[in-house]
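I have placed the structure first, in the form of structure tokens, so that the comments after it can refer back to it.
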Amino acid sequence: MTLSRRRVVRVPASSANLGPGYDSLAAALALHLELEVEETGEFAVESDVPGLPLDRGNLCVRAFEKLHPADGVTFRIRSEIPLAAGLGSSAAAIVAGLAAADHMYELDAPLFERAVEIEGHPDNVAAAICGGFVICAEGEQPTRFDPVPGLEGVIAIPPDPVPTAEARAALPEEVPIGDAVHNTAHAALLVLGLAQGDLDLVTRGLADRIHQPRREHLYPRSMELLRRASELGAIGASISGAGPTVLFWCHWEQTGNLFEAVRTAAADCDVRRVQFAPGGADVRAL
């Protein structure tokens, strides 16, 4: 009798483009996708997530098949990560599929490189794999560091999604040198603040002049809320990924008050408390 192989992969959500860190800074968030894969003898995709493809077009399956055929494998998908909200749902699905195949068949594949090939940019997949905060330099492995103790967040998800392709198309090939210098300096402030636990530096470091202003026409409600971050009680805010989610940053002692303030100010949005997740993708054999 041959025992069938079975794995469960748990992958965090992620918030990329942190402030000035377009395509280079990201953080894992404690909302998770869970993928169970089992050799059942027939291919199937099972999920209660609305709008998720239940065929080989499913992103978990597509990623899995980059490493191993999915024939005879059943995929069961559960997720807390909102789709098309700028919270790394696609990166989580890609990483889950790759990690499941790699672990199940002992392939020792380069997961980060394969995930970037599928996703097209490194920051979300790096956070999904590594957890914590990540810095991504082109052509290099991501550098990870731990979340600041006591740092938490509140997310507000406006009802109108922003297609990632449109968000990328809104950015020019070149930007003025002044904007580039501004973002370089503020990205350094942000990383230093996160590394030292200096929330005043984090506040200063979240300022962006490259991607958020140029995409404002795609998510005006998001930018309206972002500009009210201090008024609402946050230390700062950033647009998560391609939007429209706004990530409000705060110290844990202020999270409750901030959550209530954002929920009142953004009654049209899905508002949630979130923690920064120190752990990345995790695989268990069953």
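The values are calculated or read from the model by the stated rules, or taken from the named source; none is laboratory data. These numbers were taken from a predicted model, which means no experiment stands behind them. Here the Cβ is made from the backbone with ideal geometry for all residues, glycine too, and neighbour counts use every protein chain on show. These accessible areas exclude ligands, DNA and RNA; they are computed on the full protein's heavy atoms, side chains included. Shrake-Rupley method; radii C 1.70, N 1.55, O 1.52, S 1.80 Å.
The chymotrypsin sites (Phe, Trp or Tyr not before Pro) found in segment 34-83 that occupy coil by DSSP, while having at most 16 further C-beta atoms within 10 Å, are Phe43.
With one equal scatterer per alpha carbon and no solvent term, the Debye-computed log10 I(q)/I(0) for segment 87-156 at 0.24, 0.27 1/Å reads -1.08, -1.23. Ranking Gly236, Pro53, Val162 by Cα position along the charge dipole of the chain, where only Lys, Arg, Asp and Glu carry charges on their C-beta atoms, puts Gly236 farthest toward the positive end.
For the chain, with all protein chains present and a 1.4 Å probe, just round the carbon and sulfur fraction of the accessible area to a whole percent.
On the way: 6400 of 12640 Å².
That fraction is 51 percent.
Could you give the size of the charge dipole of segment 137-278 about its Cα centre, using +1 on the Cβ of each K and R and -1 on the Cβ of each D and E, expressed in debye and rounded to the nearest 20?
Charge dipole, segment 137-278, about its Cα centre: 180 debye, nearest 20.
Efficiency by 1/(1 + (r/R0)^6): what FRET value for Gln141 and Thr184, r their Cβ-Cβ distance, R0 = 25 Å, to the nearest 0.05? According to the calculation, E is roughly 0.75. On a per residue basis, segment 47-201 carries 46 Å² of accessible surface, using protein heavy atoms and a 1.4 Å probe. In this Cβ point-charge picture (+1 for Lys and Arg, -1 for Asp and Glu), the chain has a dipole of about 380 debye about its Cα centre. For segment 138-185, the fraction of C-alpha pairs farther apart than 16 angstrom is 74 percent. Normalised by the number of residues in the chain, the average gap of Cα pairs under 8 Å and 6 or more apart makes the relative contact order 26 percent.
Net charge of the neighbourhood of Val175, taken over other residues with C-beta under 12 Å away and scored Lys/Arg +1, Asp/Glu -1, is -2. Name the shape class, rounded, prolate or oblate, that the alpha-carbon gyration tensor gives for segment 1-115, where a ≥ b ≥ c are the square roots of its eigenvalues, rounded holds for a/c under 1.5, and otherwise prolate holds if a/b is larger than b/c and oblate otherwise. Prolate shape, in that a/c is at least 1.5 and a/b is the bigger ratio.
Charges were assigned to the Cβ only: +1 to each Lys and Arg, -1 to each Asp and Glu. The resulting dipole of segment 53-111 about its Cα centre is roughly 220 debye. Summarising the strand pairing of segment 22-114, around 65 percent of its internal DSSP beta bridges are antiparallel. Counting Lys and Arg as +1 and Asp and Glu as -1, what is the net charge of the other residues whose Cβ lies under 12 Å from the Cβ of Ala109? That sum, taken over residues with Cβ under 12 Å, equals -3.
Accessible area per residue was computed with a 1.4 Å probe on protein heavy atoms; Ser222 scores about 0 Å². Once the mean of 1/r is taken over each pair of separate Cα atoms and inverted, segment 174-284 shows a Kirkwood hydrodynamic radius of 15.2 Å. Work out the charge dipole of the chain with +1 on the Cβ of Lys and Arg and -1 on the Cβ of Asp and Glu about the Cα centre, then indicate which of Leu190, Thr255, Val73 is farthest towards its positive end. Farthest towards the positive pole: Thr255.
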